1. Considering only protein heavy atoms and a 1.4 Å probe, what is the carbon-and-sulfur percentage of the accessible area of the chain?
2. Can you list which of the trypsin sites (Lys or Arg not before Pro) found in the stretch 97-177 are DSSP loop residues with at most 15 other C-beta atoms within 10 Å?
3. At 1.4 Å probe size, with every protein chain present, just tell me what the per residue accessible area of the chain comes to in Å².
4. Assigning unit charges at the beta carbon (Lys, Arg +1; Asp, Glu -1) and nothing else, what dipole magnitude in debye, to the nearest 20, does the chain show about its Cα centre?
5. Kindly rank 277-284, 35-42, 239-246 from highest to lowest mean number of other beta carbons found within 10 Å of each residue.
6. Once the dipole of the stretch 78-120 is set up with Lys and Arg at +1 and Asp and Glu at -1 on Cβ about the Cα centre, which of CYS78, LEU117, ALA99 lies farthest towards its positive end?
7. Quick check: with the 1.4 Å probe, what order do PHE237, PHE211 take by accessible area, largest first?
Amino acid sequence: MTTILTGRSPAEHGLIGWHQLHGDEIIAPLPLYVRHPAASPSTPDALAASLYVTPPLFDRLDRPATLLIPDFICDTPCSRHHAGQAGRLPYRDFDDAFAQLAARLAQPEPAFHYLYLPQLDTLMHERGPESSDAAALLAKLEVHLARLADHASRHDTAIVITADHGFVSAPAAQWVDVDDIAPLAALLARPLSGETRLAYCHVLPGCITLFIALAQTHLGHACWPLESRPLREAGVFGPGIPHPELARRCGDVILIAKPGWNLRDTLPGERQLQLAGVHAGVTAEEMQIPLIVLRPH
């Protein structure tokens, strides 16, 4: 999402996971909470001020821009920063979102409108991408999009539909608790960060080679353990000038989960994570996203 909202690669904007190292803390960049350490005094506003540094895409457009965002996240620090000078409009549900968007398309002035729809993502995390509930929600969304396309064609408007990732199922029997593997846990300087499908490991000094060997022994069935530096240098986080904290945030070793597997650790006070659907891995289903362009007749 940050790449879409800034027009910059992950290497440049530096937001590279649901959890990531920021200073000496492991935080969640979107909801802005501190995962580790537990007694951190950092506030969401303070984290936002130091974390969100890449200018938003909308400030570089040559026409007015408006973002339609779910009402429960419309005024968060993340939304405020990445909207920039663009207007932010909250919506309640699909009906409200598409009604507001249709009304704006009918206005005569050229403009750019951005509608963010996280509902399918949320449901597929909870029920899985192959669930009947996900299929029903997608069908409902397609009805709204068909109506919007017809409306847009009558108002000289182009529509671009895309996503920020794909999705795969997460079988309950294929979640690995890395913190329960004592030889590996003993070499970690910090809890895991990143994602359950791609985990960043900060290893004790001088232990990278040993950690990778042990990870291959204990986790080789579930992931590919790779040193982070060669991956960064190969450009896997995208082009551009790297964020000054990119190397630290990637850690020393990256565990890339194999198809069907997820990696996790659980800190004191945390609820053990278990999702029905996930993303952030390197399968085609996760990495390939749609790009649908509807041009006015």
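The values are calculated or read from the model by the stated rules, or taken from the named source; none is laboratory data. Please read all numbers here as calculations on a predicted model, not as lab measurements. Here the Cβ is made from the backbone with ideal geometry for all residues, glycine too, and neighbour counts use every protein chain on show. All accessible areas refer to the heavy atoms of the entire protein, side chains included, with ligands and DNA or RNA removed. Shrake-Rupley method; radii C 1.70, N 1.55, O 1.52, S 1.80 Å.
1. On the way: 8850 of 15210 Å².
The C+S portion of the solvent-accessible surface of the chain is 58 percent.
2. Numbers: sites: ARG104, ARG127, LYS140, ARG147, ARG154; in loops: ARG154.
Those that pass, being in a loop and sparsely packed, are ARG154.
3. Numbers: 15210 Å² over 297 residues.
Here the per-residue accessible area is 51 Å².
4. Working: 22 positive and 32 negative charges, 80 e Å.
Dipole magnitude for the chain comes out near 380 debye.
5. Values: 277-284: 18.8, 35-42: 13.0, 239-246: 14.5.
For the peptides 277-284, 35-42, 239-246, the packing ranking is 277-284, 239-246, 35-42.
6. The listed residue farthest towards the positive side: CYS78.
7. Values: PHE237 30, PHE211 0 Å².
Final ranking, largest accessible area leading: PHE237, PHE211.
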